[in-house]
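The structure appears below as structure tokens.
The values are calculated or read from the model by the stated rules, or taken from the named source; none is laboratory data. Quantities reported herein were computed from a predicted structural model and do not represent experimental measurements. Note that we place each Cβ from the backbone using ideal geometry, even for glycine, and neighbour counts take in every protein chain shown. Each accessible area value is taken on the protein alone, full model and side chains, heavy atoms only, with ligands, DNA and RNA left out. Shrake-Rupley method; radii C 1.70, N 1.55, O 1.52, S 1.80 Å.
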Amino acid sequence: MSGSTLFTDAMALTKVGDGVYDGELNEHWTIGPKVHGGAMLALCANAARTEHAGDGVEPIAVSGNFLWAPDPGPMRVVTTVRKRGRRVSLVDVELNQGDRTAVRAAVTLGEPEHHVPPLLSVNPVVPLMQPEPPPGLEPIGPGHPMADVVHLARGCDIRPSLTSFTPRTDGGPPIIEYWVRPKGTAPDVLFALLCGDVSAPVTFGVNRFGWAPTVQLTAYLRAIPADGWLRVLCTTVQIGQDWFDEDHIVVDCEGHIVVQTRQLAMVPSA
């Protein structure tokens, strides 16, 4: 499946032993030369869900530590079921390439809330972003300023609001907006998890560009996404000299919060 740009193919796993799965780190789901962190986290979640094999059970929380940035190519995922409960289960996952572990994740599985109204929801995305990208907002592709870096645009229609990348004149935190959906299929749970790491680093908002490696990322799946565009709002609380946090809120076309993430990453050098 390495030549395919489809997200579903990039998530494909083949069971080769007890709790062990082989797959491919797809060359199209990369940022620059390296595999996209959200894609690797989604692969870990898929392996945990597959190993658990429960009806209606999805990864409702995924906490991943990124130990090494692998290149596209063959990989192996090793799962260990720590708990198999009536409502909540836990699976540990290691994503390996060769003899090195790239990602170590703990995946909590359960049934996400969907088709029921929350008791309370403070959703900052709906007032700011319309359900579909505004007219004239170009997708990342040939001629786009981000096309040479964001290769995952080959498999999804991704439309960033470039005006939200510029530093704010009032000194406030950057607020970056994206509209995203996979090509050739509806967004699913795994794609929604990937979108929790889809934004460029918020350090762009303080004129720090370049590679900002993620060290740790925690994602919550709140609901199953509806078929349509996913709106992604990316913000931060603090950008330090060495470390920064980055938060994503992913909202579907019906206005439901489907994914929330927070990550710790390293500030690019000046």
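General observations
- Any hit, region 24-41, residues being in a strand (DSSP E or B), surrounded by 21 or more Cβ atoms within 10 Å (Cβ to Cβ) and under 16 Å from the mean Cα position of the chain (by Cα): yes
- Of all residues in region 234-256, those satisfying the criterion of being assigned to a strand (DSSP E or B), over 20 Å from P118 (Cα atoms) and hydrophobic (A, V, I, L, M, F, W, C) are C234, I239, W243, F244.
- Qualifying residue in region 141-149 (condition: open to solvent by 20 Å² or more (accessible area, probe 1.4 Å), part of a loop (DSSP other than H, G, I, E, B) and modelled with pLDDT of 95 or more): no
- Qualifying residue in region 1-8 (condition: polar (S, T, N, Q), assigned to a strand (DSSP E or B) and touching a strand residue (DSSP E or B) at 6+ places or on another chain (Cβ under 6 Å)): no
- Hits in region 116-136 (condition: hydrophobic (A, V, I, L, M, F, W, C), open to solvent by 30 Å² or more (accessible area, probe 1.4 Å) and either free of Cβ contacts under 8 Å to residues at least 60 places away in the same chain or under 14 Å from H256 (Cβ atoms) (or both)): V116, L119, L120, V122, V126
- Verdict on V150 being out of contact with any Leu (no Cβ under 7 Å at 6 or more places or on another chain) and closer than 30 Å to G56 by Cα: no
- Leading residue by the ranking (nearest to W211 (Cα to Cα)) among those in region 78-99 that are surrounded by 16 or more Cβ atoms within 10 Å (Cβ to Cβ) and of a type in the set (A, V, I, L, M, F, W, C): L95
- When D197, D247 are checked against the criterion of being among the acidic types (D, E), surrounded by fewer than 19 Cβ atoms within 10 Å (Cβ to Cβ), in contact with a strand residue (DSSP E or B) (Cβ under 8 Å, 6 or more places away or on another chain) and under 21 Å from P133 (Cα atoms), D247 stands alone in meeting it.
Listed here are the residues, each with its yes/no results for (1) part of a strand (DSSP E or B); (2) without any contact (Cβ under 8 Å) to a residue 24 or more places away in the chain; (3) in contact with a strand residue (DSSP E or B) (Cβ under 8 Å, 6 or more places away or on another chain); (4) open to solvent by less than 10 Å² (accessible area, probe 1.4 Å).
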{"position": "L43", "(1), (2), (3), (4)": "no, no, yes, yes"}
{"position": "T50", "(1), (2), (3), (4)": "no, no, yes, no"}
{"position": "G56", "(1), (2), (3), (4)": "no, no, no, no"}
{"position": "A61", "(1), (2), (3), (4)": "yes, no, yes, no"}
{"position": "N65", "(1), (2), (3), (4)": "yes, no, yes, no"}
{"position": "P70", "(1), (2), (3), (4)": "no, no, yes, yes"}
{"position": "R76", "(1), (2), (3), (4)": "yes, no, yes, no"}
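- The one condition in (1) over 18 Å from the mean Cα position of the chain (by Cα); (2) at pLDDT 95 or above; (3) not in a loop (DSSP other than H, G, I, E, B) that P131 fails to fulfil: (3)
- Condition met for T14 (among the hydroxyl-bearing types (S, T, Y), more than 17 Å from T214 (Cβ to Cβ) and surrounded by fewer than 18 Cβ atoms within 10 Å (Cβ to Cβ)): yes
- Only residues that are under 21 Å from V35 (Cβ atoms) and either open to solvent by 50 Å² or more (accessible area, probe 1.4 Å) or assigned to a loop (DSSP other than H, G, I, E, B) (or both) were counted across region 201-233, and they come to 6.
- Region 162-194, subset small (G, A, S) and under 15 Å from H248 (Cα atoms), residue most open to solvent (accessible area, probe 1.4 Å): S164
- For region 100-115, the set of residues classified as open to solvent by 90 Å² or more (accessible area, probe 1.4 Å) and modelled with pLDDT under 95 consists of E111, E113, H115, listed by residue number.
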